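Structure first, then comments.
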Amino acid sequence: MYKSFDKQLLQIVKYKLHTLPKTNLPSFRQLLHQYPEIAGNEKETAQKIYSELVKCSPTTIIRNVGGYGVVAVFDTGKKGKTLLFRGDMDALPIQEVNEFDYKSKNKGISHKCGHDGHSTILLGLAQKLMEQPLKRGKTVLLFQPAEEIGQGAKAVINDGKFAKIKPDIAFALHNVPGYPKGQIVYRKGAFNPAVISLIIRFQGLKTHAAEQENGINPDVAIASLILKIKSLINSDLDSPDFCNITTIFTRLGSLDYGTAAGEGELHYTIRCWTQDKLEATKRMILNFTQEICEKQQLKQEIEWLHYFAATANDDNAVDYIEKSAKRLKFDHIQKPTPFKWGEDFGLFTEFMAGAMFGLGAGETTPPLHQPDYDFPDEIIPYGVAMFYDIAEAING
Ligand SMILES: [Zn+2]
Ligand SMILES: [Zn+2]
């Protein structure tokens, strides 16, 4: 009795929800833009997304996945593939310089990678799945936290709530300034490099500046290492051995003029097209450091951080992207070389077939991570249409 009453009530609620006016996507994107949260702190963002998802009546909504991640499952109840569409939701510790009315209200934090737009596109997909449900299978929408620090994908994959889902294929997009608005940029194989950052810390011995022969100054070790590490760079974008190593920060001693430096540090970011090349480069840096520090009688310590797995696009998944772009008559290009930025979606492609594509954000749009960047709302419909068309091609 109660059960059937509940069912009836649910039907009425669902009917009511269907009759509500749809949330306007650009307004939602601008709302997220106004209240950005950095990686690992996306609590309010997750709440805003959840409140909107409820209106799209998915079969299930799972919260707090791998941190503040939100997962919405649209299950048709009929046999078919389980598709994963992933969007990220974190902002960056960058002060916004834009002056429009929806500018960031959180000091020193802003959406400079367009993850506000990526989350909005996923919400658009949820709206579309409510309006035009697929015929079979499950569509899983993952609003992923903590992408910028390379921890979100890992935390989601390791979360038992997500482990049960077992997607057959995964898709994601990233907006790409420098390309015409709405252009679909795709490529088979490597899409983003494997990226890792590292800190090399040197510990010697401080002395009076007049008696540096009695101390151990890491100056020679740091100078030699900078040159040795530079020799590992391979700038040939067409080579599978491409290896980009960037000096981020260095420090030696302190501003005490009576004291010789006794410690220092070097910070780097490394990008390689393949995992193997990254591992080989790490080994070389480790060997160089050990060798030099032994000679100089320095203690050393290397810390590896912010690791992003390479995104290895699956051929079959890229075929779906290419066909959808053609079917939708969207401008599209095949990119000859991978993008140089890291993306933690790469980790999904280690565990399941998947592909990421670029969505042109405008040729004159400022680059990602720049203080004046802003995700262009005009490209939202392109992202939604691509995701829905791919889903329909597989499970329609
Ligand atoms: Zn970013
Ligand atoms: Zn990003």
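Please treat every number below as a calculation from the coordinates, not as lab data. Because the structure is a prediction, the values reported are computed rather than measured. All Cβ positions, even for glycine, are placed from backbone atoms using ideal geometry, and neighbour counts span all protein chains on display.
Here are a few things to note about the model shown:
- Mean separation of Cα pairs under 8 Å and 6 or more residues apart, divided by the residue count, gives the stretch 241-324 a relative contact order of 24 percent.
- Scanning the chain for DSSP H helices at least 15 Å long along the axis (C-alpha atoms) with a Kyte-Doolittle mean no lower than 0.5 picks out 219-230, 380-395.
- Approximating the spin labels as points 7 Å out from Cα along Cα→Cβ, the Thr250-to-Asp168 distance works out to 5.3 nm.
- Two-site label geometry, Phe100 and Asn158: point separation in nm, points 7 Å out along Cα→Cβ: 3.7 nm
- Long-range tail of P(r) for the stretch 194-308 (Cα pairs > 25 Å, %): 27 percent
- The chain - share of DSSP beta bridges that are antiparallel (%, nearest 5): 65 percent
- Rel. contact order, % - alpha carbon contacts under 8 angstrom, at least six apart, the chain: 23 percent
- Under 17 Å from the Glu211 label point (7 Å along Cα→beta-carbon), backbone N, the stretch 278-317: none
- Eigenvalues of the alpha-carbon gyration tensor of the stretch 72-156, scaled by 5 and square-rooted, set the equivalent ellipsoid semi-axes at 32, 16, 7 angstrom, largest first.
- Whole-Å semi-axes of the chain's equivalent ellipsoid (Cα gyration tensor): 45, 23, 20
- At the listed q of 0.14, 0.15, 0.21, 0.24 Å⁻¹, the Debye profile of the stretch 272-358, built from one uniform point per Cα, gives log10 I(q)/I(0) equal to -0.65, -0.71, -1.05, -1.21.
- Our estimate of slack between Gln290 and Asp319, defined as 0.36 nm per intervening residue step minus the Cα-Cα distance, is 5.8 nm.
- At R0 = 30 Å, FRET efficiency that the Cβ-Cβ distance of Asp75 and Lys326 yields, to 0.05: 0.55
- In a fully extended conformation the segment linking Trp304 and Arg136 would gain 56.1 nm over its present Cα-Cα distance, using 0.36 nm per residue.
- The chain: most fluctuating residue of Ala280, Ala310, Ala172 per GNM, C-alpha cutoff 10 Å: Ala280
- The stretch 305-375: relative contact order in percent, alpha carbon pairs under 8 Å with at least 6 residues between: 42 percent
- Subtracting the Cα-Cα distance of Ser239 and Glu378 from their residue separation scaled by 0.36 nm leaves 46.5 nm.
- Each peptide in 241-249, 55-63, 95-103 gets a packing score, the mean of other Cβ atoms within 10 Å over its residues, and the list from highest to lowest is 55-63, 241-249, 95-103.
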